[in-house]
């Protein structure tokens, strides 16, 4: 089977059209980024995020009400995966001081319900923990077990056999979990995932991500400048930048548009962007390699024809490799599970843009640069 | 045939090596299936015989059974060590990033801190939380703004601010080392399987705990203050006496069933077979005593630790141990036997003679006289008085230095120590001395840490992720193979074969490096599958072109490979570079992805350039028809 045999399309001649298309895509993305902004995940914002899997179907509005009743008005509550998954996120790092006494109250009530008349002394209390002393070591074990199963973060103060003290911590995600367990007793859930990121870590990660992407572009610029010519490196990196910007714009456009697809920028998405950079450069390099070879063989042919010829010659490879990769990524998006969905989707879309750019944009940019500088490209 | 021999040998060696490296992963998978089935059964049995058992007690018992199962079979352990490890996102667990709280440390270090100091410190801490500058620098500049010299709170009057700042910063770095050691010590005791503890930068510690179920317990392991105690080691006669009584109580249970052999066994102790000895002396068979030694320290194999602990927890055993003493283990193994670590079991007083708060400093050194490593320790005046009394009353006895319940050293008291300056000798090397220094300081100075990042993945999400990932990987593989064969026909099947080897090599190299497979890592393998056909596509397209020009098959194959080479190398090298950057940037799961991507690139180049080449060359040699679609 063969496709694109003896293909002879004047891609370069239509470059103005593709510039317009790319320009429009970039413009659309930027407009959205300015007005809708980009959604960042907990990795970059800092805060707490928990993902729960209920046993039975849940109504998301009910969960939202319960979370708000618990005193967390700002928490974001949405579905995760199927009908039974719920994602809850808040930017708070700690339980607000006005809620804490309520929590202490509930802890004491729980103990009273299970162990009526049990003597307990509050021996220490900080902004988010309480420590009790109980009459004997055996009940201490049992109280910890009961509190734990009721959703409190309870533990014995020391592992010594004679220990009679328990400490209960109320951090924000445990508080959400605990109060949901108590307010929805007939629909138990398990915790799939829990992330807590401090604000400083978040901003550091953001910085690192931007540095990583720019650094990879620079490394590629240097390597290609060394293996080809600077003008090729320039064309390749500019078109990579173009891919990243357009894909980023798509994030802004599609956020909250497709149900079940959670397009927030987190660490995994940054990894997807870096992979996108690595993959698209692959495509572009193959075409440039052909241009390099054709320049050596056809010394008299003008650059315009050489670029067109090279893109045409490599077209079947570009489409075949790109096509299989896209189909695999589609499989990964659909069946790869909740955690990888956004990652696979980013790459899926990014590779469409990347393949488009290697065919229509990268070579054209090289040509543009060469004609502006009126330089002959030689190897 | 000769021209192929060398390449065939290389390829076969690579395949054999990959299979060899992957075998432990396979056998570990089988082993864990076996173990979990057995544990399920035992769990039911325990629940039936004791329905009121608490969950924590049940888990503890199951853990003992699991440990003894794994330890009883060295091949289980080996397989576990050499398998491809699963990341936290696949097996569930907790990842915590801790940062030393310099503010709290400064507060502790300051002499007579007043209100001004406290307010400025709080301000400095708040500012530091949002910037890269250290609390020490911010506090120093705040103090100097107010015209207060640092020596008002730290160091001595003659020292300049810069000197003090430097020392405070060293203090902060030391605190990280201390916190790391305290955490390592506790995690070791807690028995978390395959924990990782690493330093990040000079203020942070990353701890990964696979399979931790109770978040709160784990956090306490990481954050609680360390307890350093000096406790008296009981004398040998007393200790042996207690041990013998325990042994009798434990054996008494067995004697009911074994009463006939009782009398004969007594006088033929030396000839007793190992099994008989184990029945006669259940305690001494796990806690071995050296009869030649004048000390009554028992030696316990690592695999027996849980068993011994369980023995000591039995009520009938507790009855014969006097109330004021308890058994404690050494923190580190003192040696190795048959590949297993050996720990020491000490019998010590329950009440400490002194706690670590009195220590003001500790330094590890080399004794200039004997050139042996020593640790010198100083105490405050209050501690020194006590210490003089304690050492005076216990000359020629041993005092155990215990941090969080395990013994780091049990030096002999040679004479009464007056003035609070003591010297500890007998360490094997300077490293051991350094560790003791850290331990002693841990009692004196806190190493307050804050959790700044925490990620927990439940076990069920991990399982789902693996299943979905494997489905997607298999589907991706077959789709790719389908297109390859459809488009390139016979050469397509050659490429598909090479693809199988690419996946095999990738996994093999990962196992060889002890790399961790994460969920994005699985995605990386899927991407590798599709991207690795690129090299083959490049080569085949070239061969087609060459054939179209009218070259012979042999010439086309040769020049197809040669001319595709530069494109293959350049494109893969650039992708490899982004892999490196990704590895540098990422944490945990993302690093796993970068690693599989890089290994996959290397493996795919090998498959395309060596394996595909060999098969095509061979087909040309045999005069077989090569169809490139």
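Just so it is clear, none of the values below were taken in a lab; they were calculated from the coordinates. These figures come from a predicted structure and were not determined experimentally. Neighbour counts run over all protein chains shown; Cβ positions are idealised from the backbone, glycine included.
Worth pointing out:
- The stretch B:458-621: C-alpha gyration tensor shape, a/c 1.5 cut-off, then a/b vs b/c: prolate
- Note that the stretch B:229-444, at 4 °C in a medium of 1.567 mPa s, gets a Stokes-Einstein diffusion coefficient of 68 µm²/s from its Kirkwood radius over C-alpha pairs.
- Alpha-carbon centroid distance for the pair the stretch A:41-61 / the stretch B:438-467, whole angstrom: 21
- The mean sequence separation of alpha-carbon pairs under 8 Å and at least six residues apart, normalised by the residue count of chain A, gives a relative contact order of 23 percent.
- Only helices enter the 222 nm calculation for the protein assembly as shown: every DSSP H run of n ≥ 4 contributes -39,500 (n - 2.57), and dividing by all residues gives -20500 deg cm²/dmol, rounded to 500.
- For residues of B:487-500, the mean tally of beta carbons on other chains within 10 Å: 1
- Taking all C-alpha pairs of the stretch B:2-83, those more than 14 Å from each other amount to 72 percent.
- Distance from the stretch A:238-299 to the stretch B:377-409 (C-alpha centre basis), Å: 66
- Most fluctuating residue given options A:225, A:322, A:202, as computed from a GNM of chain A linking Cα atoms under 10 Å: A:225
- Which of B:532, A:125 has the fewest Cβ neighbours within 10 Å, and the rest in rising order: A:125, B:532
- Inter-label distance, nm, simple model (7 Å from Cα along the C-beta direction), residue B:302/residue A:27: 6.7
- Segment residue B:167-residue B:42, length gained on full extension (0.36 nm per residue, minus Cα span): 39.3 nm
- Paramagnetic reach from residue B:554 (point 7 Å along Cα→Cβ, amide N under 15 Å) across the stretch B:604-627: B:616-626
- Rough spin-label spacing in nm, given labels placed 7 Å along Cα→Cβ, for residue B:334 and residue A:203: 5.3
- Average beta carbon contacts from partner chains per residue of A:198-207, 10 Å cutoff: 3
- Rounded tilt (10° steps) of A:303-335 against the dominant C-alpha axis of chain A: 20
- Kirkwood hydrodynamic radius over Cα pairs of the stretch B:96-206, then Stokes diffusion coefficient at 25 °C and 0.890 mPa s, in µm²/s: 161
- Compared with the alpha-carbon gap, the fully stretched path from residue B:562 to residue B:60 is longer by 174.4 nm at 0.36 nm per residue.
- Taking label positions 7 Å along the Cα-Cβ direction at both residue B:418 and residue B:490, the computed distance is 10.0 nm, reported to one decimal.
- Three-way shape label, chain B, alpha-carbon gyration tensor, a/c 1.5: oblate
- Per-residue packing, averaged as other Cβ atoms within 10 Å, sorts the ranges B:502-508, B:116-122 into the order B:502-508, B:116-122, beginning with the highest.
- For the stretch B:270-339 versus the stretch B:8-32, the gap between their alpha-carbon centres in whole angstrom: 40
- Just checking the listed ones, A:228, A:297, A:251: in the Gaussian network model of chain A with Cα springs under 10 Å, the one fluctuating most is A:297.
- Per residue, the average separation of C-alpha pairs within less than 8 Å and at least 6 apart gives the stretch B:229-444 a relative contact order of 23 percent.
- In Å, descending, principal axis extents of the Cα set of the stretch B:38-106: 54, 36, 22
- Comparing A:123, A:265, A:172 in a Gaussian network model of chain A where C-alpha atoms under 10 Å apart are linked, the largest mean-square fluctuation is found at A:123.
- Per-pair calculated FRET efficiency, R0 = 41 Å: residue B:146 and residue B:470 via Cβ, rounded to 0.05: 0.05
- Full extension of the chain between residue B:244 and residue B:194 yields a length gain of 14.4 nm, computed as 0.36 nm times the residue separation minus the alpha carbon distance.
- Relative contact order (%) - the stretch A:100-170, alpha-carbon pairs under 8 angstrom, separation at least six: 30
- Principal axis dimensions, largest first and in whole angstrom, of the protein assembly as shown by Cα: 102, 80, 71
- Per-bin percent of Cα-Cα distances, chain A [20 Å]: 23, 40, 23, 12, 2
- For residue A:57 and residue B:460, the FRET efficiency from 1/(1 + (r/R0)^6), where r spans their Cβ atoms and R0 equals 22 Å, is about 0.80.
- Per-selection Rg to Rh, the stretch A:74-127 - Cα, Kirkwood hydrodynamic radius: 1.15
- Residues residue A:74 and residue B:114, FRET efficiency given R0 of 41 Å [Cβ-Cβ distance, rounded to 0.05]: 0.60
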